[in-house]
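S.K.: Below are the structure tokens for one structure; questions will follow.
Quick note: the coordinates plus some simple rules give every number you see, no bench work behind them. Everything quoted here is computed from the prediction, not taken from an experiment. Here the Cβ is made from the backbone with ideal geometry for all residues, glycine too, and neighbour counts use every protein chain on show.
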Amino acid sequence: MRTISIKLNAALCAACAVTLAGAGPRALMTEDGMRAAFIGKTLSGHYVDGLAWTETYGEDGRLDYSEALRKGRGSWYFQDSQIFCTFYVPGHGLNGGCWNALQVSRNCYEFYPAGWMEPEVGGEAAPGPLRAWIARAWRQGEPSSCDEPIS
């Protein structure tokens with residue numbers, strides 16, 4: 001039930017390769033950091049192609065997702081210490097997947113396909129072989145800081 005379409009994810013990743021020019025070394029968010037930033041909250045965001053979305057992460061492991069043409073419910077969980085997974089009830093054309101996240105400024109987060117990111121070693125390079133994000137988001141009810149310089 002929790003299978004991911006590798007073909008779809010590969011196509012998304014290939015189509016969504018945006019380079020983080022000038023980005024300095026940053027560490028992947030931990031489970032504790034992601035719990036504090038996302039769980040019990042609603043994120044608004046957009047994919048690299050500009051499609052806007054919102055997703056609410058309930059304390060009970062459930063989620064609600066919405067974009068222009070699709071809505072869906074599903075569940076979230078953490079895998080290992082730096083991977084956040086979101087999957088959806090079938091029937092709405094939503095696959096879900098597992099993600100690494102970076103906090104790039106006060107209220108701005110970037111999501112990368114899990115496994116494409118390498119935790120930084122010695123703080124010498126930005127993580128990720130492509131250094132490309134798939135989605136960028138911020139918590140609703142607080143000003144987005146995604147237009148601020150990357151920290």
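S.K.: Is it fair to say residue 104 is aliphatic (A, V, I, L, M) and either farther than 21 Å from residue 147 by Cα or free of Cβ contacts under 8 Å to residues at least 24 places away in the same chain (or both)?
M.R.: The answer is no for residue 104.
S.K.: Let me ask you something else. Among the residues of the stretch 39-68, write down those that are touching a residue at least 24 places away in the same chain (Cβ under 8 Å), within 20 Å of residue 133 (Cα to Cα) and touching a strand residue (DSSP E or B) at 6+ places or on another chain (Cβ under 9 Å).
M.R.: Hits for the stretch 39-68 are 42, 43, 44, 45, 46, 47, 48, 53, 54, 55, 65.
S.K.: Regarding residue 36, is this residue touching a strand residue (DSSP E or B) at 6+ places or on another chain (Cβ under 6 Å) and without any contact (Cβ under 8 Å) to a residue 40 or more places away in the chain?
M.R.: Criteria not met by residue 36.
S.K.: Among the residues of the stretch 65-80, what is the count of those that are more than 15 Å from the chain's Cα centre (by Cα) and more than 17 Å from residue 47 (Cα to Cα)?
M.R.: 3
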